[in-house]
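Asker: The structure's right below; bear with me while I get my questions together.
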Ligand SMILES: CC(C)(COP(=O)(O)OP(=O)(O)OC[C@H]1O[C@@H](n2cnc3c(N)ncnc32)[C@H](O)[C@@H]1OP(=O)(O)O)[C@@H](O)C(=O)NCCC(=O)NCCS
């Protein structure tokens, strides 16, 4: 478990779970990310991913730069026994001081339903609430993304509403559900008093 006092802006600490390690993405992950995360079953509910392995490399460099500014965190999911990341968990600052952050996640289909999502998301949220001291984590999922919405529900996130025509896909707008989880609901005291 990462120390609550570490400065994550200088580099993300590895987070170790039963089935995987979460670590900062490396350029050497780009080929695997491109192959595993750009199939139609993965991308149908998401913004278009980087269009090539090279574009993933650029994204990885960009993510490191954004992390250094304190606005963005991007963890790669490396399953136990493997070398490369085949999933990504992002946390994007929505309000200065990271009081509010938006969570995004994607993992390779071969890992769906294996517990890798559960392990990863718990590590990421624990890091978000305990180390980054986010108060409110939000997530959005297209209303017809049954798997993504079920994943958020079982995590304990609250579905707060519907964002009308918030997502453009295949030539038309799609509604999204807005989900939220508070640090207090995650079993952590709110850090607001300490700010
Ligand atoms: C979202 C994602 C990371 C979740 O990982 P996962 O391994 O599939 O998640 P899990 O299997 O742990 O949980 C999904 C839940 O949805 C349920 N589910 C699956 N298909 C479903 C469906 N058609 N309708 C309702 N529930 C469904 C599963 O039963 C499971 O619940 P359970 O663990 O209680 O049985 C993964 O599916 C993914 O990468 N999807 C593509 C990207 C994406 O949609 N990201 C979310 C956008 S914010």
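The values are calculated or read from the model by the stated rules, or taken from the named source; none is laboratory data. On a predicted model such as this, the values are computed, not experimentally measured, just so you know. Virtual Cβ from ideal backbone geometry, glycine too; neighbours counted across all protein chains shown.
Asker: Out of everything in the range 112-139 that is within 6 Å of the ligand (Cβ to nearest atom) and free of Cβ contacts under 8 Å to residues at least 40 places away in the same chain, what residue ends up being farthest from residue 88 (Cα to Cα)?
Answerer: So the residue we want is 113.
Asker: Which of the following residues is within 14 Å of the chain's Cα centre (by Cα) and surrounded by fewer than 22 Cβ atoms within 10 Å (Cβ to Cβ): 144, 119?
Answerer: On the way: 144 fails: within 14 Å of the chain's Cα centre (by Cα).
That would be 119, the only listed residue that is within 14 Å of the chain's Cα centre (by Cα) and surrounded by fewer than 22 Cβ atoms within 10 Å (Cβ to Cβ).
Asker: With respect to residue 13, determine if the residue is assigned to a loop (DSSP other than H, G, I, E, B), at pLDDT below 95, surrounded by 14 or more Cβ atoms within 10 Å (Cβ to Cβ) and within 16 Å of the chain's Cα centre (by Cα). Before you say what the answer is, go through the steps one by one.
Answerer: Numbers: assigned to a loop (DSSP other than H, G, I, E, B): yes; at pLDDT below 95: no; surrounded by 14 or more Cβ atoms within 10 Å (Cβ to Cβ): yes; within 16 Å of the chain's Cα centre (by Cα): yes.
Spelling it out, it is not the case that residue 13 is assigned to a loop (DSSP other than H, G, I, E, B), at pLDDT below 95, surrounded by 14 or more Cβ atoms within 10 Å (Cβ to Cβ) and within 16 Å of the chain's Cα centre (by Cα).
Asker: Continuing with the same structure: Answer yes or no as to whether residue 103 is near the ligand (Cβ under 10 Å from one of its atoms), farther than 17 Å from residue 12 by Cβ and crowded, with 17+ Cβ neighbours inside 10 Å. Explain how you work it out, then say what you get.
Answerer: Numbers: near the ligand (Cβ under 10 Å from one of its atoms): yes; farther than 17 Å from residue 12 by Cβ: no; crowded, with 17+ Cβ neighbours inside 10 Å: yes.
Criteria not met by residue 103.
Asker: Another question about this same structure. Give the residues of the range 157-190 that are closer than 26 Å to residue 99 by Cβ, in a loop (DSSP other than H, G, I, E, B) and over 16 Å from the mean Cα position of the chain (by Cα), sorted by residue number. Quick ask: steps written out before the conclusion?
Answerer: Of the range 157-190, the ones closer than 26 Å to residue 99 by Cβ are 157-164, 166-167, 176-190.
Going one step further and asking which of them are in a loop (DSSP other than H, G, I, E, B), we end up with 157, 183-190.
Result: 183, 184, 185, 186, 187, 188, 189, 190.
Asker: Against the definition (touching a helix residue (DSSP H, G or I) at 6+ places or on another chain (Cβ under 6 Å) and either touching a residue at least 12 places away in the same chain (Cβ under 8 Å) or surrounded by fewer than 16 Cβ atoms within 10 Å (Cβ to Cβ) (or both)), how does residue 36 come out, yes or no? Steps first, please.
Answerer: Values: touching a helix residue (DSSP H, G or I) at 6+ places or on another chain (Cβ under 6 Å): no; either touching a residue at least 12 places away in the same chain (Cβ under 8 Å) or surrounded by fewer than 16 Cβ atoms within 10 Å (Cβ to Cβ) (or both): yes.
Answer is no for this residue.
Asker: Another one. Looking at the range 87-125 only, could you name the residues that are part of a helix (DSSP H, G or I), in contact with a strand residue (DSSP E or B) (Cβ under 9 Å, 6 or more places away or on another chain) and over 22 Å from residue 68 (Cβ atoms)? Even if it seems obvious, please write down each step before you answer.
Answerer: We begin by selecting, within the range 87-125, every residue part of a helix (DSSP H, G or I); these are 96-98, 109-111, 116-125.
Now restrict to residues that are in contact with a strand residue (DSSP E or B) (Cβ under 9 Å, 6 or more places away or on another chain): 98, 111, 116-117, 119-121, 123-125.
Hits for the range 87-125 are 111, 116, 117, 119, 120, 121, 125.
Asker: In addition: What are the residue pairs meeting all of these: first residue in the range 45-61, first residue within 13 Å of residue 104 (Cβ to Cβ), second residue outside any helix (DSSP H, G or I) and within 13 Å of the ligand (Cβ to nearest atom), Cβ atoms under 6 Å, and 6 or more apart or on different chains?
Answerer: That search, which allows pairs on different chains as well, returns 45/142; 45/145; 49/38.
Asker: Give me the pairs: first residue in the range 142-153 and in contact (Cβ under 8 Å) with a residue 40 or more places away in the chain, second residue assigned to a loop (DSSP other than H, G, I, E, B) and within 7 Å of the ligand (Cβ to nearest atom), beta-carbon distance under 8 Å, and six or more apart or on different chains, which are they?
Answerer: 142/45; 144/45; 145/45; 148/45
Asker: Is there a residue in the range 69-86 that is at positive phi, free of Cβ contacts under 8 Å to residues at least 40 places away in the same chain and outside any helix (DSSP H, G or I)?
Answerer: Yes; the residues of the range 69-86 include at least one that is at positive phi, free of Cβ contacts under 8 Å to residues at least 40 places away in the same chain and outside any helix (DSSP H, G or I).
Asker: Continuing with the same structure: In this structure, is residue 20 over 15 Å from residue 78 (Cα atoms) and either within 16 Å of the ligand (Cβ to nearest atom) or surrounded by fewer than 17 Cβ atoms within 10 Å (Cβ to Cβ) (or both)? Steps first, please.
Answerer: On the way: over 15 Å from residue 78 (Cα atoms): no; either within 16 Å of the ligand (Cβ to nearest atom) or surrounded by fewer than 17 Cβ atoms within 10 Å (Cβ to Cβ) (or both): yes.
In short, no.
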